[in-house]
Amino acid sequence: MGIIKKLTLRNLQLKRKRTIVTIIGIILSGAMIMGVGSIAASFQDFFLRSAIQSDGNYHASLYDVAVDKVETIAQDQAVAAVMLSRTKGFVPFTAGTEGHKPYLMLRQYDEAAFAHFPLTLLEGRLPANGQELLIPETVQQLGNYQPGDTITLSVGQRYLDGEPLAADRDYQAEEEWRRESIESYTITGIVADPRFGHGLPGYAVFTALDAAALQEAEKVNVSLLSTNVRQIFAQVPALAEKAGVQNYSYNRELLRWSGVSDNRDVTNFLNSITLIIIVLIVVGSVAVIYNAFAISVNDRKKQYGMLASVGATPRQLKGSVFYEALLLGAVGIPLGIAAGLGGIGVTLQVVNRILLGSVLTEELAFRLVISPQAILVTVVFEALTILLSAWLPAKRAAQISPIEAIRLTDELQIKGKDVRTGKLTGKLLGIEGELALKNLKRNRKQYRATVFSLVISIVLFVTFSSFMQYGFVSRDLYYGEIPYNVVVYNFNEEGEVQDSFYRQVLALPEVERAAVVRTLYSRTELASGQLGKFVHKQLLPQGFFPPTPEGLYRLPVEITAVGEEEFAAYLTELGLAAADYTDRQQLKAVLVNKNVMEGKITYQPLQVTAGTVLTLSEQSVEAEQAVSFALQIGAVSDKVPLGVSFADSGLKLIVSEQVMAALSEGLSAASQQELRRASLHLSSQDSSALVEKIKLLQAAAGADFDVHDLTQMQAELKRTTTVMGIFLYGFVALITLIGVTNVFNTISTNVTLRRREFAMLQSVGLTPQGLQKIIRFESLFYGLKALLYGLPLSIFISVWMFNAFSQLFTFTFVLPWREIIICSAAVFLVTFLTMAQASAKFKQQNIVTALGAGFF
Amino acid sequence: MEILRVENLTKVYGSGAAQVNALAGVSFTVNKGEFVAIVGASGSGKSTLLHILGGVDRPTGGKVIIEGTDIYRLQEAKLAVFRRRHLGLIYQFYNLIPILNVEENITLPLLLDKRQVPRDYLQELLETLGLTDRLRHLPNELSGGQQQRVSIGRALINRPALLLADEPTGNLDSKNTEEIINLLKLSNRLYGQTLIVITHDQQIARQAGRIITLADGRIVSDEVKRSWVS
């Protein structure tokens, strides 16, 4: 090995601690880049599998293809696999409960279709031939079928005005069904209700399609998997033309997660974010690793000078630095990659455990995807980082003149004015403080590099924490404040059914508090002076509530009744007399004068007093036919009863059952119809038990209500937020660690180099305490300077981020105080500990030895 | 045969009020095989002169021509190579590389040049310098005298045109001083090595064949001894 290389290697071995710390810096940086790449790959893999599970494993579909063209498509080199399907016909299904779904939709799938389309087999097996049938859960329940049953179905087609209706047209009241045949089927299996069922006029049931038995004149839908999905948007139109059809569609979810999207925005956005993050990591890493090399070169200045005087060329000196980079990289990069993969692997396991059962299932969980591209990207970026970091130090090494070797001290370049400190400094801080300050001024470049690295860590830490807050806190608030945890909605059932069902639910022991909520949607016109400050300053300029020709502002108003019990409780809470609000002659309402926007911005929508009379009109009919009525504001409150949430931008009035009934009498039929529908808002200790019971009641009554367990949704949201938090804070922690590595390297070396100097000070009488003081001051100055630049910069970026994300109002911006404080404390702690640790070694040193040491 | 020519050398440090004229126009020539001593008081400019002669510090003005080459017209890289092959420098404070052993320190110029080490010559040198049993030692395991001998070895390994020594015995006791000076004279006699030695020690200066005296950056006297056989 050349002597230069030998020397470099030995130097690395000699300065073991610094070498290790630098390698750690490289590992951290490589791990983060690898981490970002792995996360991207793993997430993409997850969403891809998720899309396959929910939407099916195919790229596009061509509709109504003539049977003789199927082979042409299948043989095309762009096509990897084809799946055939079609709707054989419709079967009237009297057991169905949904008015708009009176049929069974008989679908035929070939083997490939069963394999690729999103059906989840729950019981039994797939149909093997055209006499076997697969039915979904709901059909099984409604018709009380079991696998093994044989059923006879009248299969026919739908017509409207004599013309055949397309299979996916929703149910038309005037349509006609004409029978074509009667078929017998044996049920072989049960599947979970398919996702694509909503909105279709019939429940899909499935039988096998025998492709060979198809007649030439018949048509079939051909779905396909492409051999090269990136060309899909060119391939499919070409195939359609070949097949002589004009109808085709794409499986967009799957395509998107395969990296193909005709919506450039999504792909670009994801790519940009990944790139930005990687660039951030590289910048942060270069700051650290550069410093490590700079220190190394500085340390070996005499040696380089020595070599130069004996005849080493600048190129050879440069080569020494790059060789050092090569060695450190060769060790650090593979370790970094391993650390990154390992770290993400573990993180994904943790995430899976947290989210299992809610968002994730056994089959569909995150898995670590080791993508060769990601590894390559990491190696490239990391090598780039190291190269960039070594560049300047290498240049500097090349410029070292042989004189360096001859000098006894290397401080000849200091100019007096550089290290001048004011008289005030000396008086305030004492000689120790002055020395500390002068020292920092003398080593300006190194000082700046350390401060820079600290600044980056500060900025990243604070801005990421802000991001967490803006991105997720608001949603937390949204679900967090609601006092009920189970909601039952009625969209389809008639009044009597609803009322009887609700009575049953309300009788359940699990129900602690309940509100039966009915809302009348109306509008009112208000004068400018009645609108609140916030409305004037923020909403009107944004285009809300454009004024009428008469100069009034039209606002939507929700008039809500919450059931007698709940309303009584509400009045008690507000200290109001029930009699005032149940009077059917003098109609009064409570105005909720508090709105909440975006989950976090609260304001008062109106400036009115109790006694004001509002003139309202219905919203559910055309303006000319809308009935107007008057409602007096009996009281103004900032509270809502159970079951009512704060309005976003309109108004909310709370009325009693009696008032609502009185109002309703005069309204149009449409509004009255609207008012018949109520929702139940329930509060319970055991929300899941309550939901179970409600579902049982529902099945028994054969009724159709929407039941939601908010506790569960809240828990899910919390889990998702936790997961996001893990990733973000993990990232921040790593970046911070890099910063810490840098600080450690710089300050520690700096202190060690000044052994002789400290010894000299000690020899003229500096006490150990005095030495401590100098060290404390230097840490303080490092920290202060870093915070001086870092905090304003972070705040600036936080504000910018706030604007970018919310696009709303800046005045409610809140500084991430907690993070700023944590950060500041950490900065001082790190700098101080590093210095203390480095100087601990020679606080007890033998002064003479230290003075004599280091002519080299 | 002229081996070194110095023409009107000047060296200025700093500027303005802090300006120092280390050399204020120095000119002389040296022939092959001469043993020259440069003497002068502290601050007279002798170290500066030696460094410039050794190609390790650029002059502000003037020329240094060694074996026909105007060394300061060379690019940095070429100058380094020239230094490696044609010059040998010895300093007061040994300036050995602490993590290289004796052999590596001595052969450093050759290793940088990626040339083969002439083992016979090396062996001869080691014997002459009395370092044969210290080959694998590191500098911190050697005494001051031994370290200086390693320096001399390194300076001589290339059989340079010029051997330049800056107070080579300044840090040694009298016994070692005598030994070092003898070694230098030996190389001068045995290998015809041209020597330029800076010293403030009159005794050493008297051993040389020619004494150049510097004061305030100028040559104030240039004496050649009739004979210098010690």
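Sort largest first and round to whole Å: the equivalent ellipsoid semi-axes of the protein assembly as shown, each the square root of five times a Cα gyration tensor eigenvalue.
They are 88, 40, 23 Å, listed largest first.
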Open item on the list: Take A:A115 and B:D120, extend 7 Å from each Cα along the Cα→Cβ direction, and tell me the distance between the two endpoints in nm.
Closed with: 8.2 nm
Open item on the list: Can you return the lysines within cross-link range of B:K175? Criterion is Cα-Cα under 19 Å, with same-chain partners fewer than 8 residues away left out.
Closed with: B:K185
- [ ] Could you work out how far apart the two model spin labels at A:A217 and A:I482 are, taking each label as a point 7 Å from the Cα in the direction of the beta carbon, and quote it in nm?
- [x] 5.7 nm
- [ ] Based on the mean of other Cβ atoms within 10 Å per residue, sort peptides B:186-196, B:7-17 so the most packed one is first.
- [x] B:186-196, B:7-17
- [ ] Grab the Cα-Cα distance for A:K441 and A:H708, subtract it from 0.36 nm times how many residues apart they are, and report the gain in nm with one decimal.
- [x] 89.6 nm
- [ ] Counting other Cβ atoms within 10 Å, keep those with at most 11, restrict to DSSP loop, and tell me which trypsin sites (Lys or Arg not before Pro) in segment A:487-538 are left.
- [x] none
Task: Residue-wise HN-Hα coupling along segment B:150-165, computed from phi with Karplus coefficients 6.51, -1.76, 1.60 (Hz; x: Gly, Pro) - done: 4, 4, 5, x, 5, 5, 8, 4, 8, 6, x, 5, 10, 10, 10, 10
TODO: Roll a 1.4 angstrom probe over the protein heavy atoms and tell me the percent of accessible area of the protein assembly as shown that is carbon or sulfur.
DONE: 54 percent
TODO: Excluding B:E104 itself, calculate the net charge of residues whose Cβ lies under 12 Å from the Cβ of B:E104, where each Lys or Arg counts +1 and each Asp or Glu counts -1.
DONE: +3
Open item on the list: What is the angle, in °, between the Cα long axis of helix B:119-129 and the longest principal axis of the Cα atoms in chain B? Nearest 10 is fine, range 0 to 90.
Closed with: 80 degrees
TODO: Determine which lysines satisfy two conditions relative to A:K318: a Cα distance under 27 Å, and not lying fewer than 8 residues away in the same chain.
DONE: A:K5, A:K6, A:K15, A:K17, A:K301, A:K302, A:K395, A:K445, B:K78, B:K114
Open item on the list: Show me the three semi-axes of the equivalent ellipsoid for segment A:673-716, from the C-alpha gyration tensor (sqrt of 5 times each eigenvalue), largest first, rounded to whole Å.
Closed with: 21, 15, 9
Open item on the list: How are the alpha carbon pair distances in segment A:320-376 distributed across 10 Å bins from zero to the largest one, expressed in percent?
Closed with: 20, 34, 24, 13, 7, 1
Task: 222 nm mean residue ellipticity, helices alone, for chain A (DSSP H n ≥ 4; -39,500 (n - 2.57); rounded to 500) - done: -17500 deg cm²/dmol
Open item on the list: To check my understanding: the extent here is largest minus smallest coordinate of the Cα atoms along each principal axis. What are those three numbers for chain B, in Å, largest first?
Closed with: 51, 39, 38
Task: Å³ per residue enclosed by the Cα convex hull of segment A:589-734 - done: 194 Å³
TODO: Give a residue-ordered list of calculated ³J(HN,Hα) values for segment A:543-551 (Karplus: 6.51 cos²θ - 1.76 cosθ + 1.60, θ = phi - 60°; whole Hz; x for Gly, Pro).
DONE: x, 5, 6, x, x, 6, x, 7, x
Open item on the list: Let me check against my output: what whole-number percent is the relative contact order of chain A, with C-alpha pairs under 8 Å and at least 6 apart?
Closed with: 15 percent
Open item on the list: Let me test this: with uniform point scatterers at the alpha carbons of segment A:608-685, what is the Debye-based log₁₀ I(q)/I(0) at q = 0.11, 0.15 1/Å?
Closed with: -0.36, -0.67
Task: Accessible area, probe 1.4 Å, largest first, for residues A:W257, A:W177, A:W817 - done: A:W817, A:W177, A:W257
Open item on the list: Using just the Cα positions, wrap segment A:481-529 in a convex hull and report its mean projected area in square nanometres, one decimal place.
Closed with: 6.1 nm²
TODO: Treating each Cα of segment A:201-336 as an identical point scatterer and ignoring solvent, apply the Debye formula and state log10 I(q)/I(0) at q = 0.09, 0.12, 0.16, 0.20 Å⁻¹.
DONE: -0.62, -0.77, -1.02, -1.24
- [ ] Let me know the volume per residue of the alpha-carbon convex hull for segment A:24-101, in Å³.
- [x] 171 Å³
TODO: Could you tell me which of the pairs A:K588/A:K652; A:K537/A:K588; A:K441/A:K785; B:K11/B:K46 are separated by over 21 angstrom between their Cα atoms in the structure shown?
DONE: A:K537/A:K588
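If you build the convex hull over the alpha carbons only and average its shadow over all orientations, what do you get for segment A:121-269? Give it in nm² to one decimal.
Average projection, Cα convex hull of segment A:121-269: 12.3 nm².
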Open item on the list: More than 25 angstrom separation, counting every C-alpha pair in segment B:27-152; what % is that?
Closed with: 36 percent
Task: Partner chain coverage, peptide B:87-100 - average Cβ within 10 angstrom - done: 5
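Which of the helices in chain A meet the span-like rule: DSSP H, Cα axial reach of 24 Å or more, Kyte-Doolittle mean at least -1.0?
On the way: long enough: A:16-55 (56 Å, 0.82); A:264-299 (51 Å, 1.45); A:314-355 (58 Å, 1.03); A:372-398 (37 Å, 1.20); A:444-468 (35 Å, 1.04); A:710-753 (63 Å, 0.88); A:768-806 (55 Å, 0.79); A:817-843 (39 Å, 1.04).
Answer set is A:16-55, A:264-299, A:314-355, A:372-398, A:444-468, A:710-753, A:768-806, A:817-843.
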TODO: Express the accessible area of the protein assembly as shown per residue in Å², computed with a 1.4 Å probe while the remaining protein chains stay in the model.
DONE: 47 Å²
Open item on the list: Cross-link candidates for A:K101: which lysines have Cα within less than 27 Å, leaving aside residues fewer than 8 places away along the same chain?
Closed with: A:K88, A:K219, A:K693, A:K695
- [ ] For chain B, find the longest principal axis of its Cα atoms and tell me its angle to the long axis of helix B:174-190, 0 to 90°, nearest 10.
- [x] 90 degrees
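The values are calculated or read from the model by the stated rules, or taken from the named source; none is laboratory data. All values derive from a computational prediction rather than experimental measurement. Virtual Cβ from ideal backbone geometry, glycine too; neighbours counted across all protein chains shown. Heavy atoms of the whole protein, side chains included, go into the accessibility calculation; ligands, DNA and RNA do not. Shrake-Rupley method; radii C 1.70, N 1.55, O 1.52, S 1.80 Å.
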